[in-house]
């Protein structure tokens, strides 16, 4: 009977443990999907494509997210280590100063504790300085937000604004934390929570901006090194009347059973969707266009050329 009574409790415990694991994984997957999508959207927009027309899956976007996230994650990890080490040292100094002030006040009166109180006061002033500097950075970031209509064409605008807000929120939050540890103020969870939410949103904004820049950089690199993309020979039944001057068109000799009449060379495979190929000229310029080729109706014939590496 006791075993039966304990069964529901065990089940609830297992469900709670599973939820504590699934929820962070779901958030992580959503973040990876978003950053992969933002990077891919910027990358293929350079070639005149809406990424939604390609038909990439959720897994495809998640697999594309490590590239744009690598640098932000490394920077955030290094900053986290530096902040953690600094915080431990500051907390140790505050604890020593507080204990010393209490001990001297008990043994030798207020005169013996004056030096320790002065050290605590210096720590509090430094915390106040951090709060002031953080408020100034936040004011600058808010000013940039309200100047969006004027500065939106400025390329670094989103990153500079996000970094100012993140830096200001981080400095203000840490300054308030130091003051609380040193006994200057009580912690107000509502205000602290608002600052941390602003910090998280600003870091997210900055990382998303870097993901977009990473995608655009990948596109520009690919456009400058088209020879690294797979080379394709395309046969069609009808003339395509391509506007890209670098693509060569050849009329195939008629023969019995021949249904393809035109051959196009100097094309490169940009990406493959679910039922379409996206081809670009092997020499990219602003006047070129991306060719969308269906692969499921038999209207085209494709040949992929070997990339021979000399010995």
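None of the figures in this text is laboratory data; all of them are computed from the coordinates on show. The structure displayed is predicted, hence computed values, not measured ones. Positions of Cβ are generated from backbone atoms using ideal geometry, with glycine treated the same way; all protein chains shown enter the neighbour counts.
With the checklist (1) surrounded by 12 or more Cβ atoms within 10 Å (Cβ to Cβ); (2) at positive phi in hand, flag the one item residue 249 doesn't pass.
Failed condition: (2).
Those residues that are without any contact (Cβ under 8 Å) to a residue 40 or more places away in the chain and loosely packed, with under 13 Cβ neighbours inside 10 Å, I need them from the stretch 49-65; list them, please.
Listed by number, the residues that qualify are 50, 52, 57, 59.
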